[in-house]
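Presented below is the structure to which this report refers.
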Amino acid sequence: MSTRQQLLIYLKESKGTWVSGEFLAHKIAVSRSAVWKHIGSLKDDGYVIESSRKKGYLLCQISDLLLANEIREGLNTNVFGKGDIIYFRETDSTNARAKYLAGDGAPEGTLVVAEKQTDGRGRRGRSWFSPPGEGIYTSIVLRPPIPPNEAPKLTLLTSVALAEALLSLTSLKVNIKWPNDILINGRKAAGILTEISTEMDRIDYVVIGVGVNVNTPCKGLPPDIAHTATSVLMETGRVFPRIVLLRAFLEWLEIYYETFKTKGFDPILSRWKHLADMIGQQISVDLMDSVRVGKVLDLDKDGFLILQDRRGMIERIISGDVTLLNQE
Ligand code: BTN
């Protein structure tokens, strides 16, 4: 264990009380100046630590950054977040980083996390608003033993896991809008971008990228999404610890991923249907080159949308942008 990690353990154990530099230096078997240097680097990483020449050090507040050691602490998973966690204060896109790592052989469960993205990507070539410290921007590498045509199921599975994480930690009204937008009180708070690399008829890797607006303040959203998007802070009026939500998401994701591998997609689909609550709704779907309007009859076994238009024609929709008409 590194000096820094040991130092953090002692500081956390005595959180709220002062601990002398001498004690820390003795326990960790380093010099007092080494302790001082590491305290400086912890402060740089967002830990609020008071220093006094007489009393030593006092840990007042744990860092709000999504640091690997903080993510791991108390994380109840076997694989996700247990291996490599690649952390960036700033990067272009966590999906781009994760794809690069996956192409280089990174194992399943490798996690990329950023405080800020300069080129956050959304579905259908859109960008994802990623201001520093306000959201969760993360991507995970999966190597699922399924054929490529089943990969879209992983996106639905992820949306269920993310909805479960929000429902387990808040009393908010959380829904899924097909295929994978997470809505809070009817507005989009999170999105999922799945990217896949295949070789012949097998999947090499899947990168699941998740963006959540957690502590985006009112008026913090850019004008183009201000009327359709929201954040946990905007809906609750309270700053929410991002790390708690990230851990819960990883835990739910692992539960559903294991369920998928051992029991198949049916249990996930039925939970998805419940959370989406779309059956019977009037919607319009933008298919890029055309728009379909109709009533949602069902979601089929692959999670595709079964839509009936006004003339009674039934169509299976594989991908598109949905607008819920009766909620406009
Ligand atoms: C959507 O359009 O709804 C999907 C948004 C996905 C955004 C996340 S943020 C982390 C990861 N990295 C990216 O560049 N995009 C995804």
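Work out the length of the dipole vector of segment 3-61 about its Cα centre, built from +1 on the beta-carbon of each Lys and Arg and -1 on the beta-carbon of each Asp and Glu, and round it to the nearest 20 debye.
Numbers: 10 positive and 5 negative charges, 31 e Å.
It works out to roughly 140 debye.
Name the most mobile residue of Pro223, Pro179, Pro148, meaning the one with the largest mean-square fluctuation, in a Gaussian network model of the chain with Cα contacts below 10 Å.
The residue with the greatest mean-square fluctuation here is Pro223.
By DSSP, what percent of the beta bridges with both residues in segment 52-160 are antiparallel, rounded to the nearest 5? Let's see the in-between values first.
On the way: 6 of 11 bridges.
If I count the DSSP bridges inside segment 52-160, around 55 percent turn out antiparallel.
Taking only the C-alpha atoms, wrap a convex hull around segment 3-61 and report its volume per residue in Å³ as a whole number. Display every interim value, and only then the final one.
On the way: hull volume 3.9 nm³, N = 59.
Hull volume over Cα atoms, normalised by residue count, gives 65 Å³.
Please quote Rg/Rh for the chain to two decimal places, taking the Kirkwood radius as Rh and restricting both calculations to Cα atoms.
Values: Rg = 22.3 Å, Rh = 21.5 Å.
When Rh is taken as the Kirkwood radius, the ratio is 1.04.
Relative contact order, percent, of the chain when contacts are C-alpha pairs under 8 Å separated by at least 6 residues?
Numbers: 620 pairs, mean separation 40.6, N = 328.
Over the chain, the number comes to 12 percent.
Return P(r) of segment 125-226 (all Cα-Cα pairs; 10 Å bins starting at 0; whole %; ordered from short to long distances).
Answer for segment 125-226: a P(r) of 14, 43, 30, 11, 1 percent.
What list of ³J(HN,Hα) values in whole Hz, one per residue of segment 40-45 in order, does the Karplus curve 6.51 cos²θ - 1.76 cosθ + 1.60 (θ = phi - 60°) give from phi, with Gly and Pro shown as x?
x, 6, 5, 4, 4, 8
Rounded to the nearest 5, what is the percent of antiparallel bridges among the DSSP beta bridges in the chain? Display every interim value, and only then the final one.
Details: 53 of 59 bridges.
Expressed as a percentage, antiparallel bridges in the chain total about 90.
Return the single residue from Pro131, Pro222, Pro241 with maximal mean-square fluctuation; model: Gaussian network over the chain, springs between Cα atoms under 10 Å.
Among Pro131, Pro222, Pro241, the largest mean-square fluctuation in the Gaussian network model of the chain belongs to Pro222.
Among the lysines, which have Cα under 25 Å from the Cα of Lys177 when same-chain residues fewer than 8 positions away are ignored?
Leaving aside lysines fewer than 8 places away in the same chain, those within reach of Lys177 are Lys153, Lys188, Lys219, Lys261, Lys263, Lys273, Lys295, Lys301.
Helix 266-276 versus the longest principal axis of the chain: what angle, 0 to 90°, nearest 10, using Cα atoms?
90
Treat every Asp and Glu Cβ in segment 255-320 as -1 and every Lys and Arg Cβ as +1, leave all other atoms uncharged, and give the resulting dipole magnitude about the Cα centre to the nearest 20 debye.
Numbers: 10 positive and 10 negative charges, 32 e Å.
For segment 255-320, the charge dipole is close to 160 debye.
Work out the charge dipole of segment 114-218 with +1 on the Cβ of Lys and Arg and -1 on the Cβ of Asp and Glu about the Cα centre, then indicate which of Leu172, Trp128, Gly191 is farthest towards its positive end.
Leu172
Taking the Cα centre of the chain as origin, sum charge times position over the Cβ atoms of Lys and Arg (+1) and Asp and Glu (-1), and report the length of that vector in debye to the nearest 20. Intermediate values should be presented prior to the final figure.
Values: 41 positive and 39 negative charges, 199 e Å.
In total the dipole reaches around 960 debye.
Tell me, what ³J(HN,Hα) does each residue in segment 175-180 have, in order and in whole Hz, if you take phi through Karplus 6.51 cos²θ - 1.76 cosθ + 1.60 with θ = phi - 60° and put x for Gly and Pro?
9, 10, 9, 3, x, 7
For helix 152-169, what angle does its Cα long axis make with the longest principal axis of the chain, in degrees from 0 to 90 and rounded to 10?
With rounding to tens, the tilt is 50 degrees.
Between Thr262 and Asp298, what length in nm is gained on full extension when 0.36 nm per residue of separation is reduced by their alpha carbon distance? Present the calculation step by step, with values, prior to reporting the outcome.
Numbers: separation 36, 0.36 × 36 = 12.96 nm, distance 2.49 nm.
My answer for the length gained is 10.5 nm.
Is the shape of segment 70-119 rounded, prolate or oblate, going by the alpha carbon gyration tensor and its root eigenvalues a ≥ b ≥ c, with a/c under 1.5 for rounded and a/b larger than b/c for prolate? Please report the intermediate quantities before stating the final value.
Values: a/c = 3.20, a/b = 1.30, b/c = 2.45.
Here segment 70-119 falls in the oblate category.
Applying the Karplus parametrisation 6.51 cos²θ - 1.76 cosθ + 1.60 with θ = phi - 60° to the phi angles of segment 134-141, what ³J(HN,Hα) value in whole Hz is obtained for each residue in order, glycine and proline being reported as x?
9, x, 10, 10, 9, 9, 10, 8
Which one of Gly280, Ala114, Ser52 has its Cα pushed farthest toward the positive end of the charge dipole of the chain, where Lys and Arg give +1 and Asp and Glu give -1 at the Cβ?
It is Ser52.
FYI, it's all coordinate maths here, none of it is from the lab. Here the structure is a predicted model, which is why all the values come from computation and not from measurement. Glycine gets a Cβ as well: all are built from the backbone with ideal geometry, and neighbour counts include every protein chain shown.
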